[in-house]
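Working notes, structure below.
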């Protein structure tokens, strides 16, 4: 759905000024109209009825006689208790077009952030398996939000916390120790993260046959924390294989980070938190020697922070890493992009930081998102039936190559593969981002790659189509007269272009990239309606110049919108 016209919009501001001469400001609530015949915004008069002791219809009629058209307000009409205002899109769009022409790449950026620093942590993979479909959604959200906020004038710091230690890592290590036989990714011809992930799956299979493996994995964790040389050497070796695989996947998907944190280097900081909390009497020691915090008085539960054997839990290192991130960057806000399954974890984390007396706990925000499901159900990496990020991209790229060859527009194997990669990445990212983050996603690869419907390739195809149209139309003259564009389709398309800055602002304010995906779908559909109804090529010279300039503006907002989502805009498809 397209964004509402914001209060900062010049047209709406003028409407408010006109109404303010006859109505109290606090009573002025404007609504965006759904039908062109009802204007562009309307003022419902129902709330004034009781105070003025008149019917809404009568109030609207009286106001319509008092309020006269002004600079950007072309007309005022009363209709069934509503006062409808019609915008002069010729004037409004002329100003917007000049802004676009002056700096097209920055159109949509209102610089609302004023360089306020925001730290965004996303991805946070475990080094016992490759990145999977769930990470793809996380990465897509983290990248898009970083781009949207950066575009909006915020100083964005992107960080990745790698979970490179803990019991889950030791499970892969133990399986390799028992069944690896000295194999390596190179000897098996496998990407490093996939190689290590196979042993995590193998561990879970073998542990069902031999439950004693669970205690052996925990013993291995204790050895790691005690600094056992052989354990540390194996851990470093297997992690290096995984990191090599991660780097390749991140590069393919366009993930970027300003700082990497590693749990293995930060968990000790968490131990200091535990010691401090115990000394202050905030934490307690249990009967078996474990250290915990009792948050039942705050509507939460008891949370163990250190096991009785002295080993740490995830909360321990998260406390330390959070403090380290704040000390490193002193951000005005810290955002964690983490699945909704961890909602409780972050409630506890933020509460502990608050109880320990750190005022910046109020600057912490958990951007939770729903799970990603396959047609068969939820993904479970320990069962080995997960869709990993690498295979997903490769399979979709192959399908995109097939589709491109059918259309026979792009020639040359290299160009076909390059375009197919753009399309497949666009398909994946758009599909992940088009849904509100808090909702679950049922990922359908075939649907995501469709050139029709609510998909990334549909938006990319719309951009490529516009590029082709503009190549045929050629250059436009200067100073196009947009007052010549008066049809409902033209007016709707101009309004869509003008509302792009509002879409960007809403997406940033709500941390919701789906506002941008919804906007792009609306503007692409609006363009298609316009182009099907109006023959731009056969228009008179002045109308042709105005329509061509409008189409150029549509190209800019589609390209900029896709860029905010981390998606490329092909010139041919």
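Each value in this text was obtained by applying a stated rule to the coordinates, not by laboratory testing. Fair warning: this is a prediction, and the values are worked out from it, not measured in the lab. Cβ sites come from the backbone with ideal geometry, for glycine too, and all protein chains shown count toward neighbours.
Taking the Kirkwood radius as the inverse of the mean 1/r across Cα pairs, report the Rg/Rh of the chain.
Result for the chain is an Rg/Rh of 1.05.
Specify the angular offset, from 0 to 90 degrees and rounded to the nearest 10, of the alpha carbon long axis of helix 314-329 from the longest principal axis of the alpha carbons in the chain.
Approximately 50 degrees, to the nearest ten.
Apply the a/c threshold of 1.5 to the C-alpha gyration tensor of region 442-517 and tell me whether it is rounded, prolate or oblate.
Verdict is oblate for region 442-517.
Sequence gap at least 6, Cα distance under 8 Å: using those rules, report the relative contact order of the chain to the nearest whole percent.
In percent, rounded to a whole number, it is 17.
If you stretched the chain out fully between residue 472 and residue 282, how much longer would it get, using 0.36 nm times the residue separation minus the C-alpha to C-alpha distance?
The span from residue 472 to residue 282 would gain 61.2 nm if fully extended.
What percent do you get for the relative contact order of region 96-207 when only Cα pairs under 8 Å and 6+ apart count?
Relative contact order comes out at 32 percent.
For region 6-87, what's the radius of gyration and Dmax over Cα atoms, in angstrom?
Cα radius of gyration and Dmax of region 6-87 are 11.5, 32 Å respectively.
Sorted from largest down, give the three principal axis spans of the alpha carbons of region 394-564, whole angstrom values.
48, 43, 23
Relative to the longest principal Cα axis of the chain, at what angle does helix 514-533 sit, 0 to 90 degrees, rounded to 10?
Helix 514-533 and the main axis of the chain meet at about 40 degrees.
Computed on alpha carbon atoms, what radius of gyration and Dmax characterise region 151-224, expressed in Å?
Every Cα atom of region 151-224 included, Rg and Dmax give 16.7, 56 Å.
Quick one: order 23, 76 by neighbouring beta-carbon count within 10 Å, fewest to most.
Going from least to most buried by this count: 23, 76.
With each label point set 7 Å from Cα along the Cα-Cβ vector, what nm distance links residue 21 and residue 256?
Simple spin-label model gives 5.0 nm for this pair.
Zone of residue 66 (label point 7 Å along Cα→Cβ, backbone N under 11 Å): which residues in region 16-35?
19-24
Mind sorting 83, 202, 564 by how few other Cβ atoms lie within 10 Å of their own Cβ, fewest first?
Listing 83, 202, 564 from fewest to most nearby Cβ atoms yields 202, 83, 564.
How much length would be gained if the chain were fully extended between residue 49 and residue 339, taking 0.36 nm per residue of separation minus their Cα-Cα distance, in nm to one decimal?
Length difference between fully extended and current span is 99.6 nm.
Points 7 angstrom from Cα along the Cβ direction at residue 436 and residue 34: gap in nanometres?
The answer from the label model is 1.8 nm.
Given the Cα-Cα distance of residue 237 and residue 537 and 0.36 nm per residue of separation, how much length would full extension add, in nm?
101.6 nm
Can you sort 365, 461, 97 so the residue with the fewest Cβ neighbours within 10 Å comes first?
The most exposed by this proxy come first: 365, 461, 97.
Restricting things to alpha carbons, tell me how big region 25-132 is in terms of Rg and Dmax, in Å.
22.7, 72
Given the C-alpha centroids of region 496-510 and region 30-109, what is the distance between them in whole angstrom?
19 Å
Quick one: grab the alpha carbon gyration tensor of region 140-288, order the square roots of its eigenvalues as a ≥ b ≥ c, and give me rounded if a/c is under 1.5, else prolate or oblate depending on whether a/b is larger than b/c.
oblate
Among bridges DSSP assigns within the chain, what percent are antiparallel (round to 5)?
The antiparallel proportion sits near 50 percent.
Per-residue ellipticity at 222 nm for the chain, helices alone: DSSP H runs ≥ 4 residues times -39500 (n - 2.57), over residue total, nearest 500 deg cm²/dmol?
It comes out at -17500 deg cm²/dmol, rounded to the nearest 500.
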